[in-house]
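The structure appears below as structure tokens.
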């Protein structure tokens, strides 16, 4: 391996399909510990995904997708993201996302004792991620 | 000897049955191809899942984690994946036998979560407790179905209502070989490497040289990853079972079509013999009649 590695292998797999596979320069996404951006040569690490925007920087272009759940295994020369839910912008239904956002906000605003706050928050984050990616 | 008309009627009835079985075979062939493609698409996900799971478990050593030790109270939960429709040969019976013929399990200690109607029917006839039934899942299994079931199972597990979680499904080796498989989902067995399709993919997680780091820390990571691991196993079971079901049905219908062809051949022979017999008889009668006139 040469000293100046510019890219590494990114693989995003979901239970239903291989979502993305290719050589990338950087990948950014949201984790339980906060936003991270991964460059080549990262130390081996496993992180848990939180809903957010996934940005894939390839040599020529940048791609975005909404990544909602799963975990990522980071190695110096490759990253594997095991995603339970991940969508390209053209797969997102904007109206549904807006509705989900409203619903989640309402639930948080008038929450009751039995409201599962963690669940509603995840729903809210998902809706936000979907809408952000569409912009 | 049966009359010519009877034989003819039987033959045409078998012929129409043969047409049905032939059509069903073609349908299940198409469905099998689709199901198999689905199972293969999901495979890479499961391999990554096992590898990661194994490397995590290898690293954490002994931790007192709720998902890693058996519950003290409650029954064993068994998820039974069978089909909604019959005419699939021994498919449903074979997978149900894993439970009914199990060496150490007792009927009273089990709670069945039945996916697919046929398996549920077999077990409820044998007086097993069917705790939940989800027949519609089998029509088109999705990962969301597996997540939904996992969530409920884990809740019961944490509440101490169930002590172990097992999965009974039919593993898909290839078109003709399907193996009923019983697999333990929870508590997770540590040293034994998990391998859903039995082809022994070795661990390659540490190929980067340095040991794996976890964020958040190991135990928290387990909290989050084990549910994903369980649902991925259930989903894997579902898609493989679907492929196996269609494979089994295709085989059963192929056999039925062949048997029908054999029967038709036999009847054809019988029919010709009966026809020959009746001609001979008529001739004998005419000759005898002619002789009587002379």
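Values in this text are rule-based calculations from the coordinates and carry no lab data. Quick caveat: nothing in here was measured; it's all calculated off a predicted structure. Ideal geometry is used to build each Cβ from the backbone, glycine not excepted, and the neighbour counts take in all protein chains shown.
With q set to 0.06 Å⁻¹, the log10 of I(q)/I(0) for the protein assembly as shown, from the Debye formula over equal scatterers at the Cα positions, is -0.36.
Just so you know, the averaged projected area of the alpha carbon convex hull for the range A:92-134 sits at 2.7 nm². Paramagnetic label reach from residue B:182 (point 7 Å along Cα→Cβ; backbone nitrogen cut-off under 17 Å): within the range B:69-102, residues B:75-82, B:92-102.
Largest first and in whole Å, give the semi-axes of chain B's equivalent ellipsoid, each being the square root of 5 times a Cα gyration tensor eigenvalue. Don't skip to the end; give the middle numbers.
On the way: eigenvalues 658, 84, 36 Å².
Taking √(5λ) for each eigenvalue gives 57, 21, 13 Å, largest first.
Taking 7 Å steps out from each Cα toward its Cβ at residue A:16 and residue B:124 produces label points 3.0 nm apart. Over the range A:54-135, the fraction of Cα-Cα pairs per 5 Å bin, rounded to whole percents and listed from the shortest bin up, is 3, 14, 19, 20, 17, 12, 8, 4, 2, 1, 0. Take the Cβ atoms of residue B:287 and residue B:26, set R0 to 60 Å, and the FRET efficiency comes out at 0.70. Rg of the Cα atoms in the range A:8-89, relative to 2.2 N^0.38 Å, amounts to 0.95.
If R0 is 51 Å, what FRET efficiency do you get for residue B:104 and residue B:140 from their C-beta distance, rounded to 0.05? Don't skip to the end; give the middle numbers.
Working: r = 35 Å, r/R0 = 0.69.
It comes out at approximately 0.90.
Using a Förster distance of 35 angstrom, determine the FRET efficiency expected from the C-beta separation of residue B:69 and residue A:43, and round it to 0.05. Working shown, then result.
Details: r = 31 Å, r/R0 = 0.89.
That gives a FRET efficiency of 0.65.
Here the simple spin-label model places points 7 Å from the Cα toward Cβ, and for residue B:87 and residue A:9 these points are separated by 4.5 nm.
Using helices alone, I'd like the mean residue ellipticity at 222 nm for chain B: each DSSP H run of four-plus residues gives -39500 (n - 2.57), total over residue count, nearest 500. Please list the in-between numbers first.
Details: 5 runs with 168 residues, N = 294.
Value at 222 nm, helices only, nearest 500: -21000 deg cm²/dmol.
What average number of partner chain Cβ atoms lie no more than 10 Å from the Cβ of the residues making up B:44-50? Per residue, the number of nearby Cβ atoms from other chains is 5 on average.
To the nearest ten degrees, helix A:117-134 and the longest principal axis of the Cα atoms of chain A are 60 degrees apart. Neighbouring Cβ atoms from other chains, within 10 Å of the Cβ of residues in B:270-277, number 0 on average. Histogrammed with a bin width of 10 Å, the alpha carbon distances of the range B:1-110 distribute as 10, 18, 25, 23, 12, 7, 4, 2 percent, first bin at zero.
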